[in-house]
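Each reported figure results from applying straightforward, stated rules to the coordinates on display, with no laboratory input. What you are looking at is a predicted structure, and each value in this text was computed from that prediction instead of being measured. Cβ atoms come from the backbone with ideal geometry, glycine included; neighbour counts cover every protein chain shown.
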Amino acid sequence: MNPVPITLSPAGPAGPVRSARRARRRRYLLCPPEHFAVTYAINPWMDPDRPVDRAAALRQWRELAAVLRGLGHRVDLLGPEPGLPDMVFTANGATVVAGRVLVARFRHPQRAGESAAHRRWFAAARFGRVSTAAEVNEGEGDLLVAGRRILAASGFRTTPAAHREAEQVLGLPVVSLELTDPRYYHLDTALAVLDDSRVMYHPEAFAPPTRRLLRRLYPDAILADPADAAAFGLNAISDGRHVVLPAAARGLAEQVRAAGFVPVPVALPELLKAGGGPKCCVLELRSDERGGRVDGGAPRVA
Ligand code: ARG
């Protein structure tokens, strides 16, 4: 069965534009927030004096996992460890391209222990080519795979030297971007990859030369306004058709819909107290194989 084409409005001079955004089945690594807490502050969203409801965090996280499974994706789990309250943010633990794994090296000592947990998980899951970054590199928090390139940020966590290392280890060209607003300390808080050639981002989060570069690379990008960016709307997960994003980013959801994607709102307010959203909770495990389509042919990845 073929996916149903969706109609984009408005109609152009040649009549209605037809577009079929296709989902590709993904494999994601998640970690339940069983030891979630805000006990230190390493980004401006974190306030250790503000209470955190761990049971609510778990409920909200389970809903996210259910949404991803419901969209047809495979969800693998990393075992949570006491003393690592940010471990729920698996995106930061590694970057995986075509089965090659580059395990993160965290900037802050409070999160350093997460690297070993990821290394053990990848070894147990029989990923053959696993290396650990020598440079400070916070995984998919700052390195976003966009088709045949990696968009990589520096400014707060990951360093420019780590960009060069990622290019060598992962085998894709890296485009370096510079973040300048401390609220958007990871790239995945300021930019989301929608499919191989489309992104959405918040220009004000980047240095002026980076804004010019992004305009040139992605002239048709969706631009998020300050309110949607502050609602963490760009911390979104796209499978090429569905875009899972924070429910509070209403305007951005409409922009995503107008561009032919299907917005899927989720609410993770407890995790936002740590400066995290849905994308931070998800690490994509890209195998050599291309996954099957969710809304079409049979998935090829078991
Ligand atoms: N408290 C965590 C930190 O500051 C949040 C990480 C969010 N992850 C992300 N991919 N943006 O490191």
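Just one of the listed residues (GLY155, GLY128) is surrounded by fewer than 24 Cβ atoms within 10 Å (Cβ to Cβ), within 16 Å of the ligand (Cβ to nearest atom) and either of a type in the set (S, T, N, Q) or touching a residue at least 24 places away in the same chain (Cβ under 8 Å) (or both), and it is GLY155. On inspection, ARG26 passes the criterion of being buried (at least 17 other Cβ atoms within 10 Å of the Cβ) and either touching a helix residue (DSSP H, G or I) at 6+ places or on another chain (Cβ under 9 Å) or acidic (Asp, Glu) (or both). Restricting attention to segment 64-105, the residues that are away from the ligand (no atom under 14 Å from the Cβ), charged (D, E, K, R), within 17 Å of the chain's Cα centre (by Cα) and not in a strand (DSSP E or B) total 1.
Of all the numbered requirements in (1) touching an Asp or Glu at 6+ places or on another chain (Cβ under 8 Å); (2) surrounded by fewer than 22 Cβ atoms within 10 Å (Cβ to Cβ); (3) of a type outside the set (Ser, Thr, Tyr), ARG149 misses one, and that requirement is (1).
Scanning segment 131-150 for residues that are assigned to a loop (DSSP other than H, G, I, E, B), touching a residue at least 40 places away in the same chain (Cβ under 8 Å) and within 16 Å of the ligand (Cβ to nearest atom) gives GLU138, ASP142.
Taking into account only those residues within segment 29-56 that are under 18 Å from the mean Cα position of the chain (by Cα) and of a type in the set (A, V, I, L, M), which is surrounded by the most Cβ atoms within 10 Å (Cβ to Cβ)? Among those residues, the one meeting the criterion is LEU29. If you check LEU170, LEU187, LEU177 for being in contact with a strand residue (DSSP E or B) (Cβ under 7 Å, 6 or more places away or on another chain) and away from the ligand (no atom under 16 Å from the Cβ), only one passes: LEU170.
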